[in-house]
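What follows is a single structure, written as structure tokens, with notes after it.
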Amino acid sequence: MTNVPPTAESAILAGAEPRTNTRKVFIKTYGCQMNVYDSERMGDALTGDGYQAVDTVEAADLILINTCHIREKAAEKVYSQLGRLAKLKKQRNAEGGDLMVAVAGCVAQAEGQEIIRRAPVVDVVIGPQTYHRLPQALAKARQGERVVETDFPAEDKFDGLPNTSARAIRARGVAAFLTVQEGCDKFCTFCVVPYTRGAEVSRPVDRIVQEAQRLVDAGVREITLLGQNVNAWHGKGADGREWGLGELVRRLAEIDGLVRIRYTTSHPRDMDDSLIAAHRDLPELMPYLHLPVQSGSDAILKAMNRRHTADEYVRLVERIRAARPDIALSGDFIVGFPGETDADFENTMDLIREVNYAAAFSFKYSIRPGTPGAGMEDQVAEAVKTERLARLQALLSEQTRAFGRQCMGKTVDLLLEKPGRNTHQIVGRSPWLQPVIVDAKAGKIGDIVSVRITETDSSSLFAERVEC
Ligand code: 5AD
Ligand code: SF4
């Protein structure tokens with residue numbers, strides 16, 4: 001599923017190795033962690049093609065926008081951004097430069113040729129399944145062709161990508177993403193992902209293990225396995241049996257030096273016993289699970305084609321908590337899906353009270369053209385959606401704050417990830433995914449240190465080192 005928290009918006013540096021006469025690329029990423037990973041891999045492909053990453057548009061010869069299509073107006077926002085880039089390109093070309101613009105990701109997939117038609121500034125449009133062809137597409141574009149690559153090719157794009165260099169891995173930090181599964185066959189009636197990302201595909205075990213090993217050899221200590229519907233991952237294991245995600249996580253936990261494993265995003269229907277047992281058995285598997293429910297009303301869940309009831313979800317949460325009592329749950333919620341009554345909405349509020357979330361992402365339903373939800377009657381009025389979302393978010397925020405307060409005084413292990421805002425501080429991550437700020441003397445990036453949480457504010461926790 002796409003339900004990775006859809007909040008990231010970042011410029012990804014390819015961690016490129018300097019070359020002479022290098023071209024320079026600026027990559028802007030919108031959307032989920034899968035897009036962050038895709039941008040990294042496009043960065044790898046471009047590094048192999050002689051590009052160096054830069055962190056400003058002004059310094060770039062190539063601007064690559066990796067887009068997200070999950071909610072409303074995504075395409076319009078891309079077009080207006082392209083309008084601004086058209087001015088920059090014109091100015092650059094007037095100065096004798098040669099700026100190229102490429103659009104990647106789910107808007108590229110959904111809009112395809114339309115982008116070429118509406119935005120003359122664009123040289124290359126490339127979908128999520130074809131970005132291994134980016135260097136060839138750019139080569140064609142340099143010859144003056146405008147290229148659209150949005151098919152779902154038979155070949156595996158990962159086979160066509162260079163391995164990430166150890167230097168690039170180090171530049172990206174000690175916590176890394178690794179895509180194990182792509183696409184979705186669930187067809188929730190609100191969602192564009194099955195159309196933009198295509199059918200579910202799982203990467204083979206040996207490729208995943210090799211990539212994980214390379215990450216760890218370069219200093220990575222935590223890996224988050226990614227997939228739109230990650231717990232639908234399956235593949236042939238080393239023992240010849242068909243493995244699910246639980247078995248894959250067990251295999252990855254054997255890698256020396258890999259101390260933390262996470263995965264996102266899961267569908268409740270694919271949470272099998274083996275994966276739940278992995279949460280019970282493996283200290284490497286962090287006690288945090290993003291498990292979207294979307295709604296607490298059975299009628300709405302049915303209309304959404306979620307394939308589970310509210311009660312089945314709550315029972316599943318009980319089983320997961322029985323296996324790993326300290327697990328923190330996060331979820332995604334949609335308010336105002338067509339036909340949602342006040343009573344349906346109250347069922348969602350009840351489910352939230354019953355489950356008690358540590359974190360959450362919540363949205364007003366947004367019509368996505370081409371999905372079944374778009375054609376449904378009883379669309380909910382905007383004002384009603386606004387009011388419901390405010391109430392739902394107030395409840396979820398209170399639960400998140402309560403979760404933070406519960407951590408006060410607790411001793412937890414932190415993975416130190418990056419320098420803080422000032423040089424005296426370093427930021428680590430708790431097992432429950434919370435950023436925690438400690439004194440820089442607590443250790444160096446990549447260390448796991450034991451700390452006591454001493455203070456919380458709205459977004460961060462503060463802690464001090466505990467000597468063991
Ligand atoms: N409207 C509102 N929210 C949506 N999401 C997906 N599609 C839509 C839509 N059409 C939300 C879901 C999903 C998350 C990634 O984005 O909650 O889990
Ligand atoms: Fe997730 Fe449903 Fe979209 Fe698939 S169709 S990505 S399960 S929300």
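Observations on the structure shown:
- Segments 131-142, 454-465 sorted - mean Cβ within 10 Å per residue, highest first: 131-142, 454-465
- Computed over the Cα atoms of region 3-149, the ratio of the radius of gyration to the Kirkwood radius (Rg/Rh) comes to 0.93.
- Take the Cβ atoms of ARG207 and PHE187, set R0 to 41 Å, and the FRET efficiency comes out at 0.90.
- Separation of the alpha carbons by more than 19 angstrom is noted, of LYS28/LYS140; LYS186/LYS302; LYS28/LYS89; LYS410/LYS444, for LYS28/LYS140; LYS410/LYS444.
- Added length on full extension, which subtracts the Cα-Cα distance from 0.36 nm per residue, ASP273 to VAL57: 73.0 nm
- Charge dipole magnitude, Cβ of K and R +1, D and E -1 - region 350-468, Cα centre, debye nearest 20: 240 debye
- Net charge dipole, the chain: roughly 1120 debye, given to the nearest 20, about the Cα centre with Cβ charges of +1 for Lys and Arg and -1 for Asp and Glu.
- Take the Cα of LYS302, step 7 Å toward its Cβ, do the same at ASP151, and the gap between the two points is 4.2 nm.
- Working note: 222 nm ellipticity from helices only, DSSP H runs with n ≥ 4, each -39,500 (n - 2.57), summed and divided by the residues of the chain, gives -10500 deg cm²/dmol to the nearest 500.
- The chain: relative contact order in percent, alpha carbon pairs under 8 Å with at least 6 residues between: 10 percent
- Low-density loop cleavage sites - trypsin sites (Lys or Arg not before Pro) in region 44-94, where at most 15 other Cβ are within 10 Å (DSSP): LYS73
- Working from label points 7 Å from Cα in the Cα-to-Cβ sense, the SER450 to ALA381 distance is 5.9 nm.
- Each Cα pair under 8 Å and six or more residues apart adds its sequence gap; the mean of these over the residue count of region 3-149 is a relative contact order of 20 percent.
- Length, then width, then depth: along the principal axes, the Cα atoms of the chain run 63, 60, 50 Å.
- Label-point gap, in nm, between GLU346 and TYR195 - each point 7 angstrom along Cα→Cβ: 3.5 nm
Where a number appears in this text, it was derived from the coordinates with a stated rule and is not lab data. These numbers come from a predicted model, not from an experiment. When we count neighbours, we look across all protein chains shown, and the Cβ atoms used for this are built from the backbone with ideal geometry, even at glycine.
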